[in-house]
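Asks: Questions regarding the structure given below will be posed in turn.
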Amino acid sequence: MPLCLLASPAAWSQGGILVSGFIDAGVYRDNGDTWRVGPIQRSNLAFEAREALGDGAIVTFRLSTRFEPDSGAFEEAGKPFWHDEATIGLTGKFGSLRIGRHMDALYANDWIFDPWDYYDRIASPAYDLWRRNFASDPIANLGGTPDWGRVNNGVFYDSPDMNGFTLHVSGSPESSAGSRRKALMTAVRYRHPHGAAMIAHGRNSAGDTDSFIGLKLIGTAVSLMGGYDISRSGASTAKGLSVGASHVAGRTTYRIGAGRVDVDGVRQERMLGLGVRQALSARTSVYADFARKAYPARIASTYGVGITHSF
């Protein structure tokens, strides 16, 4: 069992293994007008550890798997067990360097420009509209199927903070069968107590490209945000635009987001998302989401309620 291996005496003597995770489950009506019980957001279980090497250097590893809390199964049958992350790396004055499977430089940083943190199947504009033509790794999952977000056989670098600016680079030196290019993604992010901004561009091993710009303004109780994404695959171009806001009133957070995506000049989807989250404690929340989505041939309403707990 992985837990038995991770909890070896040698590992514990070096500071121990940190076990963390996020569990989400809800009842919701999906885009196909079908009622479902299951995760509206993602659920994961992670194991990680850090060992100080001296002079500020730290070796790290992280293994994280995703699962479906309604059935106990893996998130999807076509994904590897450690789908979420499997990395080992070094952190120090130079920043952070990791090797393995992880989110690319764009997905690891763009979530702050969506009211739902790019983490909600019902109401998040980012989840529906961004990167229609761009899989981070076209063959990362079992059977050589694509993964939207993660890169296998990757190298991932995050720079130290430089007056609010950070540089993030991800890529893979490997060339698999059918690859046209080396995967490479670069993002520059700026964070400030009153806002954030990011610009990113990259390509995957198939030669598809993605460009993204995000902006966020943070107020005392209200935050405004938006993202514009252009993804290209072959002769096809998809352009996704979203705007949103969140309002915090005590333990209650209200969220709203809207956007659209055009593929080759044709409007493929417009959507409006609404949500409210009530914190029951620092780690547990209940929430309700609603979205109205307009496609070329139909209109769908999706909605549901859920509960989350982080540990």
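The values are calculated or read from the model by the stated rules, or taken from the named source; none is laboratory data. Computed from a prediction, not measured in an experiment: that's the story for all the values here. For neighbour counting, all protein chains shown are included, and Cβ atoms are generated from backbone atoms with ideal geometry for every residue, glycine included. All accessible areas refer to the heavy atoms of the entire protein, side chains included, with ligands and DNA or RNA removed. Shrake-Rupley method; radii C 1.70, N 1.55, O 1.52, S 1.80 Å.
Asks: Quick one: compute the contact order of the range 186-311, relative version, from alpha carbon pairs under 8 angstrom and 6+ residues apart, as a percent.
Replies: 13
Asks: Please report how far the C-alpha centroid of the range 105-177 lies from that of the range 225-257, rounded to the nearest whole angstrom.
Replies: 15
Asks: Sticking with this structure for a sec: With an 8 Å Cα cut-off and a minimum separation of 6 or more residues, compute the relative contact order for the chain in percent.
Replies: Once normalised by length, the contact order is 15 percent.
Asks: Could you work out how much longer the chain between R180 and R42 gets when fully extended? Use 0.36 nm per residue separation minus the Cα distance between them, nm to one decimal.
Replies: This chain segment gains 46.5 nm when fully extended.
Asks: Given the C-alpha atoms of the range 190-311, compute the convex hull and give its volume per residue in Å³.
Replies: Residue-normalised Cα hull volume stands at 141 Å³.
Asks: While we're on this one: Cβ neighbours within 10 Å, averaged per peptide: list 197-205, 283-291, 114-122 in order, most packed at the top.
Replies: 114-122, 197-205, 283-291
Asks: Report in % the part of the accessible area of the range 67-122 that belongs to carbon and sulfur, leaving out ligands and nucleic acids; probe 1.4 Å.
Replies: The nonpolar share, carbon plus sulfur, comes to 66 percent.
Asks: Given the -39500 (n - 2.57) contribution per DSSP H run of 4+ residues, what per-residue ellipticity at 222 nm results for the chain, rounded to the nearest 500 deg cm²/dmol?
Replies: Mean residue ellipticity, 222 nm, calculated: -1000 deg cm²/dmol.
Asks: Hey, can you rank 107-113, 43-49 by average C-beta count inside 10 Å, highest first?
Replies: The most tightly packed comes first, giving 107-113, 43-49.
Asks: Follow-up question, since we're still on this one. Accessible area of the range 213-304 with a 1.4 Å probe: how many percent of it is carbon plus sulfur?
Replies: C and S atoms contribute 61 percent here.
Asks: Can you work out the accessible area per residue across the chain, with the rest of the protein chains kept in place, probe 1.4 Å, in square angstrom?
Replies: 49
Asks: Out of E85, E76, E269, any idea which swings most in a Gaussian network model of the chain, alpha carbons joined below 10 Å?
Replies: E76
Asks: Considering the chain as a Gaussian network with a 10 Å cut-off on Cα pairs, which listed residue, V266, V169, V27, attains the greatest mean-square fluctuation?
Replies: Judging by the Gaussian network model, the answer is V266.
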